[in-house]
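Heads up: the structure comes next, in structure tokens.
The values are calculated or read from the model by the stated rules, or taken from the named source; none is laboratory data. Not measured: the values here are computed from a predicted model. Note that each Cβ is placed from the backbone with ideal geometry, even for glycine, and that neighbours are counted across all protein chains shown. Side chains included, ligands, DNA and RNA excluded: accessible areas come from the protein's heavy atoms. Shrake-Rupley method; radii C 1.70, N 1.55, O 1.52, S 1.80 Å.
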Amino acid sequence: MNNKTITAQERKNRSIAILQAQKVPYIEHLPFRYETEEVTPRDKKEVIERAVCSFASIMCALSISEGEYSEEDRVYAEDFLSEKYNVLELLTPMEQQVIAGTISEAGAINAVWKYEAVWALLWALGIVEELSLPSEICDCDLVMGTMRRFKGLDDFMANTTLRPLEEILQ
């Protein structure tokens, strides 16, 4: 991708063209989002931390939704978050409920859908090569394999490259 700054209107026009090509309905009058210079990008560490927190809550939510979440699972998740990545304090309130095992079954099922958010974060980190149309579930095995592959935050930082802001905004 080149380094030319694309305006918010150009991004909106491109998105509408994609929706039209796929015959997806859209609302023409919705405003476009921010110009590139108005965006405050997250740094690579923040993106990794968000991916790790989301991943851990997804794993716990899967167990909860299957009725198989145990104290051992909770301790493992907390150790993964605190010992391996030092991000336990970065969990969202919903993620805290999931890890604690206090979320409802319906809440756990909804939390599992964060896989798609993790997929986008891994794309931003250069692990997922392409974000295709969301017509299928993301490659959950790739997500799990990625999280197992890294030894911790430093290893994750050293072996990923955050995509340029212009590419992320596309």
Using DSSP loop states and a limit of at most 13 other Cβ atoms within 10 Å to flag GluC sites (Glu not before Pro), what is the longest stretch of the chain containing no flagged site?
69-128
Starting from the Cα of LYS45, step 7 Å along the direction of its Cβ; do the same at ILE6; then give the gap between the two resulting points in nm.
3.0
Express in nm, to one decimal, how much length is gained between GLU116 and GLU89 on full extension, taking 0.36 nm for each residue of separation and deducting their alpha carbon distance.
7.5 nm
Chain lengthening between LEU30 and GLU136 when straightened (0.36 nm per residue, less Cα-Cα)
35.5 nm
Stokes-Einstein diffusion coefficient of the range 1-54, Kirkwood radius over Cα pairs, 10 °C, 1.306 mPa s, in µm²/s
116
Overall dimensions of the range 52-170 by Cα: Rg and Dmax, Å
14.6, 43
Take the residue pairs LYS44/LYS151; LYS12/LYS114; LYS23/LYS44; LYS4/LYS114 and return only those whose Cα atoms are more than 27 Å apart.
LYS23/LYS44; LYS4/LYS114
Part-to-part distance (alpha-carbon centres) for the range 77-96 and the range 115-133, which is given in Å:
21
Solvent-accessible ranking of TYR69, TYR76, TYR34, largest area first, probe 1.4 Å:
TYR76, TYR34, TYR69
Computed on alpha carbon atoms, what radius of gyration and Dmax characterise the range 16-114, expressed in Å?
18.0, 51
Distance from the range 139-170 to the range 1-69 (C-alpha centre basis), Å
15
Those helices of the chain passing the 27 Å axial Cα length cut-off and the mean Kyte-Doolittle cut-off of -0.5 (DSSP H runs only) are 44-65
Heavy atoms only, 1.4 Å probe, whole protein assembly: order ARG149, ARG33 by accessible area, highest first.
ARG33, ARG149
Within the accessible area of the chain, what % is carbon and sulfur when the probe is 1.4 Å and the other protein chains stay in place?
54
Take the Cα of ALA21, step 7 Å along the line toward its Cβ, and report every residue of the range 102-135 whose backbone nitrogen sits under 19 Å from that point.
129-135
Return the long-range amide H neighbours of VAL87 (sequence gap of 5 or more, or a different chain), with a cut-off of under 5 Å between placed amide H atoms.
SER82
When the helices in the chain are scored as -39500 (n - 2.57) per DSSP H run of 4 or longer and the sum is shared across all residues, what 222 nm value do you end up with, to the nearest 500 deg cm²/dmol?
-16000 deg cm²/dmol
Provide the solvent-accessible area of LEU169, counting protein heavy atoms only and rolling a 1.4 Å probe, rounded to the nearest 10 Å².
50
